[in-house]
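Asks: Here you go, one structure.
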Amino acid sequence: MRWMLCAAGLFVVVSCTTGTGSTPSTPPGQRVIVTLAGSFRPEGDLGDQARQEQRKAIRTAQDAVLAEVPRAQLIRRYDAVPQLALVVDAAALDRLRHSPHVAAVQQDTAQQSG
């Protein structure tokens, strides 16, 4: 029982580690949300044609990011917001953090209800 509590505590510490200048140890298959670099506007501020053009620009930017991390597992490609949900390993996470196509990378902490 004591070993299980220690292991659970270690898991919590590892899963709560964030990038603070040093590269943390990343467990295989870490889920992340990638926010794309660029200037995007809320769709409510756009007309129909501008909305379609922005969605095309988002898809093109998503394709550029996915090309940089070919072994990443795509979880979700968003149409109207400049983001991707991915599962990545440590090397892909590092590549994303240094990509000129990426504005931010955050751990995906959303809980799915069953």
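Asks: For Ala110, what charge total do you get from the other residues with a beta carbon under 14 Å from its beta carbon, if Lys and Arg give +1 and Asp and Glu give -1?
Replies: Working: positive: Arg31, Arg76; negative: Asp108.
Here the count lands on +1.
Asks: Show log10 I(q)/I(0) for the stretch 49-114 at q = 0.11, 0.19 Å⁻¹, two decimals, from a solvent-free Debye sum over equal Cα scatterers.
Replies: Debye intensities relative to I(0), on a log10 scale: -0.28, -0.76.
Asks: Here is a further query. Measuring from label point to label point, each 7 Å out along Cα→Cβ, what is the Ala50 to Ala110 span in nm?
Replies: 2.7
Asks: Follow-up question, since we're still on this one. Order Val69, Val81 by their accessible area, 1.4 angstrom probe, all chains in place, largest first. Mind dumping the intermediate values first?
Replies: On the way: Val69 5, Val81 65 Å².
Largest accessible area first, the residues go Val81, Val69.
The values are calculated or read from the model by the stated rules, or taken from the named source; none is laboratory data. Quick caveat: nothing in here was measured; it's all calculated off a predicted structure. Positions of Cβ are backbone-derived with ideal geometry, glycine not excepted, and every protein chain shown enters the neighbour counts. Side chains included, ligands, DNA and RNA excluded: accessible areas come from the protein's heavy atoms. Shrake-Rupley method; radii C 1.70, N 1.55, O 1.52, S 1.80 Å.
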